[in-house]
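What follows draws every value from the coordinates through simple rules; no lab data is involved. Keep in mind the model is a prediction, meaning the values are calculated, not measured. In this analysis, Cβ positions are derived from the backbone assuming ideal geometry, glycine residues included, and neighbour counts consider all displayed protein chains.
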Amino acid sequence: GIQVEQSPPDLILQEGANSTLRCNFSDSVNNLQWFHQNPWGQLINLFYIPSGTKQNGRLSATTVATERYSLLYISSSQTTDSGVYFCAVGSENNNDMRFGAGTRLTVKP
Amino acid sequence: DGGITQSPKYLFRKEGQNVTLSCEQNLNHDAMYWYRQDPGQGLRLIYYSQIVNDFQKGDIAEGYSVSREKKESFPLTVTSAQKNPTAFYLCASSRRGTSGRGDNEQFFGPGTRLTVL
């Protein structure tokens, strides 16, 4: 099945800093989502982005499907951005989604 | 309010007992999914269903069973055959399960934390 790798595994920032999270995948995709898992475990949908670029406030994402990677940008980070960010992809050959291991972000005041 | 609900939020079970986790959605989505998350890990797919009365095994289906008798409901039973059932269980749904851009975006419920004593 499709392989998903996220980097870095851990990231510590000072409040106000910018960051880039990366997601590499091994096959063509028809679904790519970025999620933020809050301290209570809830997965919050950030972006549905199998290709192209989207922006939502301080967050933006870009997926280059031909090169099999996606990037999540967080600008002017806040302590509430802390948590685990997951990339999940759906292959054109399957009807399920595969999750990466996540990037744990800690934003310090 | 549209959304996905899971109950209970916390569940404790003795070894050897079966237990059923509830997942309900009122989004009129065709597809529903069950995932398991262990501490510090990503999510792994247990079962998924693209339509009523049909479901397929995911990567870690052993020791679990599901049913899909209604479009809104996709309960998961953790059986005594599951060797290490303590985990966080997440249910999700999407408008469609198959390719069709935009229709397969998944939305998640709040999860159930299962602990086996």
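Summary of values
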{"read-out": "Calculated diffusion of segment A:1-57, Stokes-Einstein form, Kirkwood radius summed over Cα pairs, 20 °C and 1.002 mPa s, µm²/s", "value": "159 µm²/s"}
{"read-out": "Compactness index (Cα Rg / 2.2 N^0.38 Å), the protein assembly as shown", "value": "1.01"}
{"read-out": "Cα centroid separation, segment B:54-117 to segment B:1-45 (Å)", "value": "6 Å"}
{"read-out": "Sequence of A:Tyr73, B:Tyr48 once ranked by neighbouring C-beta atoms within 10 Å, starting from the fewest", "value": "A:Tyr73, B:Tyr48"}
{"read-out": "Kirkwood hydrodynamic radius of chain B, Cα pairs, Å", "value": "14.2 Å"}
{"read-out": "Paramagnetic reach from B:Tyr10 (point 7 Å along Cα→Cβ, amide N under 20 Å) across segment A:30-61", "value": "A:38-43"}
{"read-out": "Under 23 Å from B:Lys70, Cα to Cα: lysines that are on another chain or at least 8 residues apart", "value": "B:Lys9, B:Lys57"}
{"read-out": "Spin-label proximity, A:Ser76 to segment A:1-31 - amide N less than 15 Å from point 7 Å beyond Cα toward beta carbon", "value": "A:15-19"}
{"read-out": "Relative contact order %, chain A, counting alpha carbon pairs below 8 Å whose residues are six or more apart", "value": "37 percent"}
{"read-out": "Residue order, fewest to most beta carbons within 10 Å, for A:Arg22, B:Arg36", "value": "A:Arg22, B:Arg36"}
{"read-out": "Estimated Rh, chain A: Kirkwood, alpha-carbon pairs, angstrom", "value": "13.8 Å"}
{"read-out": "For A:Trp40, A:Trp34, B:Trp34, order by how many other beta-carbon atoms lie within 10 Å, fewest first", "value": "A:Trp40, A:Trp34, B:Trp34"}
{"read-out": "Per-residue HN-Hα couplings for segment B:71-86 [Karplus 6.51, -1.76, 1.60; θ = phi - 60°; Hz; x = Gly/Pro]", "value": "4, 7, 10, 9, x, 10, 9, 9, 8, 5, 6, 6, 6, 9, x, 5"}
{"read-out": "Listed residues A:Gln33, A:Gln78, A:Gln14, most fluctuating in chain A (Gaussian network, C-alpha, under 10 Å)", "value": "A:Gln14"}
